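Asker: Here it is, the structure in full.
Computed from the coordinates by the stated procedures, all read-outs in this text should not be read as laboratory data. It should be emphasised that the depicted structure is a prediction, and the values quoted were computed from it without experimental measurement. Cβ placement follows ideal geometry from the backbone for every residue including glycine, while neighbour counts extend to all protein chains displayed.
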Amino acid sequence: MKSENKLIGAGLLTAITASLCCITPVLALVAGTSGIASTFSWIEPFRPYLIGLTILVLCFAWYLKLKPQKEIDCECEMEEKPKFIQSKKFLGMITVFAFVMLAFPYYSRIFYANTEKQIIVVNKSDIKTTEFKISGMTCTGCEEHVNHEVNKLDGIVTSKVSYEKGNAIIEFDKTKTNETEIEKAISSTGYKVTDKK
């Protein structure tokens, strides 16, 4: 029974660790300390291995829980009902929680308020488009975090952030904001602007 509890704990720990790089931006937003968002981005290259380890550990825990018990002929008392923490129901809850954590990057955008604004452009010559190269982004949660901070600025027309390309293409009204303010907004998330064009 102790080995099952250790497996359950290990599965839970690996699932949380695998999603830590994606959860941190949301936690930082909620806490109001967006600068710590990129703290765990170094975990991202290990994410596939952590996901595999989580699945392996939970499958083994389920195997131990479901395998038939050997019956021993004895006149001893019947085993008492297992504690909740040792039950199939608890293992099921941990398994569901682990998969919710592993899928976090795919639904993280629901935690960010829609900050897109209706922009009325008076003069098209005031609109400028700049590409910012950004390091440290690892998932869609990172994209949403950068979009959220940039769209707080006045004069942002569009903001398209891609963690895969490592960039943000920002269209803005240069009479209301500038590249320096946009770079500050991006840097406030904890990700680093490495270049702009």
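Asker: Does region 160-197 hold any residues that are in a strand (DSSP E or B), within 20 Å of the chain's Cα centre (by Cα) and of a type outside the set (Val, Ile, Thr), and which are they?
Answerer: Result: Lys160, Ser162, Asn167, Ala168, Lys192.
Asker: Let me ask something else. Any residue in region 168-176 that is among the β-branched types (Val, Ile, Thr), out of contact with any Phe, Trp or Tyr (no Cβ under 7 Å at 6 or more places or on another chain) and loosely packed, with under 15 Cβ neighbours inside 10 Å?
Answerer: yes
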